[in-house]
Amino acid sequence: MTTPVASVAARLCDVAPDGTSTLVSRGFLNLTRRSGMATAEPLVPGEIYETDVEIDATAWRWAPGHVLRLALAGADWPNAIAPPSPSTLTVHGGELVLPAYDSTTSPYPAPVFASGDEKAAEDPTEVTWRTSRDVLARVTGAFIEHGGEAYETPHGHAREHYVGEVTVQTETFAQSARSDVTFVVQYDDDGSGVPVDCVVSSQLRIDADETDLDVTIELTCTETGPAGDRIFGERSWHRRFTRDLA
């Protein structure tokens with residue numbers, strides 16, 4: 001690597017004979033935490049390090065003719081914060097170690113899985129997932145929005161709505177992230193015969209530059225009933241702290 005702060009992202013994929021690639025699992029490591037999450041150690045540019053990147057646990061069966069593909073990258077944005085500055089990562093070698101299930105030696109019976117639905121129950125028209133690129137400002141962004149459909153609960157109905165957005169300036173690597181989440185529980189009958197809504201809304205904002213993180217969180221709880229809206233709880237947090245080689 002060429003900088004004191006760098007990361008590595010690993011993606012394990014199943015590649016079908018027709019070229020279709022399916023993500024099986026992934027792993028991510030900030031290399032300054034190569035000795036454990038409790039210790040941050042800067043990297044020495046040009047030095048070679050031996051590290052272990054743990055991939056998330058999952059179960060998967062490769063069909064005949066399919067290929068395992070391990071893809072490595074120096075970042076996993078927007079799933080994880082990008083490094084504070086551009087960096088070049090050189091891989092000198094390595095190995096992929098995967099556990100294997102052997103039904104002939106395992107003391108446990110082979111698992112039996114129920115058939116999945118032919119398609120997901122969610123309506124894709126109610127989900128927004130898009131990326132953007134401002135060529136002049138050198139800003140790349142990702143935006144997601146979903147939720148809103150009500151579902152039953154033991155005491156009535158509930159619904160939730162989520163909006164999230166992240167951006168990165170590709171020259172300075174200044175980054176921002178925000179999320180707006182609303183969760184509503186509707187009590188169909190509290191004894192008065194009139195539904196009452198309990199609404200919890202939260203807003204998160206993170207701004208990151210090369211050295212610091214600025215975090216703001218606001219939370220509001222509101223009751224909506226026959227008498228109108230009443231705020232019965234709210235809190236806010238704000239903190240600025242160093243990235244600590246993150």
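Between E171 and F183, what is the label-point separation in nm under the 7 Å Cα-to-beta-carbon projection?
4.2
I want to check the label-to-label distance for S103 and D214. Put each point 7 Å from Cα in the C-beta direction and report it in nm to one decimal.
Taking the simple label geometry, S103 and D214 are separated by 5.9 nm.
Compute the distance in nm between two label points, each set 7 Å from the Cα along the Cα-to-Cβ direction, one at Y162 and one at A137.
About 2.5 nm separates the two model spin labels.
Once you keep just the Cα pairs under 8 angstrom separated by 6 or more residues, what percentage relative contact order results for the chain?
13
Could you tell me which of Y187, V168, A227 has its Cα farthest along the dipole of the chain towards the positive end, charges placed at Cβ (Lys, Arg +1; Asp, Glu -1), taken about the Cα centre?
V168
Counting only other residues whose beta carbon sits under 13 Å from that of V97, what net charge do I get with K and R as +1, D and E as -1? Intermediate results must be reported in sequence, preceding the final value.
On the way: positive: none; negative: D52, E54, E95.
Here the charged neighbours net out to -3.
Net charge within 14 Å of E171 by Cβ-Cβ distance, Lys/Arg positive one each and Asp/Glu negative one each, not counting E171 itself? Each step should come with its number before you reach the end.
Working: positive: R133, R138; negative: D134, D209, E210.
Result for the neighbourhood of E171: -1.
Say a site is exposed when it is one of the chymotrypsin sites (Phe, Trp or Tyr not before Pro), sits in a DSSP loop, and has at most 13 other Cβ atoms within 10 Å; what is then the longest site-free stretch of the chain?
Values: sites that count: Y49, W60, W62, Y101, F113.
So the longest stretch without any such site is 114-246.
Output the antiparallel fraction of DSSP beta bridges having both residues in the chain, as a percent to the nearest 5. Could the numbers behind the result be given before it?
Numbers: 87 of 87 bridges.
Taking every DSSP beta bridge with both residues in the chain, the antiparallel ones total about 100 percent.
Given 0.36 nm per residue, what is the gain on full extension from N79 to A57 after removing their alpha carbon distance, in nm?
Values: separation 22, 0.36 × 22 = 7.92 nm, distance 1.75 nm.
Length difference between fully extended and current span is 6.2 nm.
Each reported figure results from applying straightforward, stated rules to the coordinates on display, with no laboratory input. Here the structure is a predicted model, which is why all the values come from computation and not from measurement. Note that we place each Cβ from the backbone using ideal geometry, even for glycine, and neighbour counts take in every protein chain shown.
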